[in-house]
Every structure is written in C-alpha cells, then in structure tokens.
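Have a look at the structure below, then the notes.
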Amino acid sequence: MLTGSSTAIPTELLVLAWGCVLLVFNILLAGQLRTRQYGVDWNMGPRDETSGLPALPPRTGRVIRAQANLQETFPVAVAALLGVVLAGRTGTVSHIGAWVWLAARVAYLPVYWAGIKGLRSLLYIVSMVGLLMVLWPLLWG
C-alpha cells in the first residue's frame, strides 16, 4: 500500500488508476491520428460513411489496434485489481503482478506503434502473466 497524508491506497488501486490514464491516452491518441487523416468535419459528424475514405497510415492503424487490444483486456484487469482488493487478498504477488501488467501495457503502445515484431507479442504475454499474478491470490490465496 502507498500511504498519503491520512489514508492508504492499495497498490492495486493505484495501478488501476494509472491503467485508466493509459487507456484515456490511447483513446485520445488514436482519435487524434484518425482526425489528422480524415479531418475535423469527419470527426464531428456521425461517421456513417466509411466507403471512399483513404486507408490509414500503418502507424495510425497500429495505434488503433493497440487501443482495441487494451480495451479488450482492460475489463479483466479491472475485475482482477478490484477483486483482489475487495476480497482482502492483496500481497506481494498481487502488488508485483499489478506493476508488471501496467509496465508491460505502457511499453506495448510505443512498441506496437514502431512495428517491432516479436516484442509486441512478448509484452502482451508479460501483461497477461501480471494479471495472472493478481488473480492468483484471489483464486487460490
């Protein structure tokens, strides 16, 4: 736990808060890159028309896919991080697992953006190992 002036914040909740910041950053970055490609009018409109739009540059596509990947796995992280705190099963394993998950997810975006083969997949696997470390004390602790 991290202590502040009067209350202690479980490490897992701090990591969850930073994970939310990461998700918002991913969403804003992907949106900004799409708007740069398609224009403000497209962004402010209903976005119904998709045919005839130019293809996105590879890096923009990668950022959008990285955002989608984080959004797919984020509910599991929320459930695991909140669950272990609510169950009172936090400890060294869940603390380390939480930080491993966050560090891997933070590294994932620039690695995917840069198109580094292999390392992106490795970071995804490391992030899943981190989540399993958080779940371990919740399920078998």
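Observations, loosely collected:
- Screening W99, W136 for residues that are open to solvent by 70 Å² or more (accessible area, probe 1.4 Å), touching a residue at least 60 places away in the same chain (Cβ under 8 Å) and of a type in the set (F, W, Y) leaves exactly one candidate, W99.
- Residues in segment 44-81 that are assigned to a loop (DSSP other than H, G, I, E, B), among the hydrophobic types (A, V, I, L, M, F, W, C) and surrounded by 12 or more Cβ atoms within 10 Å (Cβ to Cβ): L53, L56.
- Leading residue by the ranking (nearest to V93 (Cα to Cα)) among those in segment 115-127 that are open to solvent by 50 Å² or more (accessible area, probe 1.4 Å) and not in a loop (DSSP other than H, G, I, E, B): V126
- Enumeration of residues in segment 125-141 that are more than 18 Å from V111 (Cβ to Cβ) and aliphatic (A, V, I, L, M): L131, L132, M133, V134, L135, L138, L139
- Residue identified as touching a residue at least 40 places away in the same chain (Cβ under 8 Å) and of a type in the set (A, V, I, L, M, F, W, C) among L23, L33: L23
- Scanning segment 97-141 for residues that are under 18 Å from G61 (Cβ atoms), touching a helix residue (DSSP H, G or I) at 6+ places or on another chain (Cβ under 8 Å) and of a type in the set (V, I, T) yields a count of 1.
- Residues of segment 7-43 that turn out to be open to solvent by 60 Å² or more (accessible area, probe 1.4 Å), more than 30 Å from V85 (Cα to Cα) and within 22 Å of the chain's Cα centre (by Cα), as a count: 1
- Every condition in (1) open to solvent by 50 Å² or more (accessible area, probe 1.4 Å); (2) touching a helix residue (DSSP H, G or I) at 6+ places or on another chain (Cβ under 7 Å); (3) more than 28 Å from S121 (Cα to Cα) is met by V85 except one, and the failing one is (1).
The values are calculated or read from the model by the stated rules, or taken from the named source; none is laboratory data. Here the structure is a predicted model, which is why all the values come from computation and not from measurement. No Cβ is skipped: glycine too gets one built from the backbone with ideal geometry, and neighbour counts run over all protein chains shown. The area values use the complete protein model at the heavy-atom level, side chains included, leaving out ligands, DNA and RNA. Shrake-Rupley method; radii C 1.70, N 1.55, O 1.52, S 1.80 Å.
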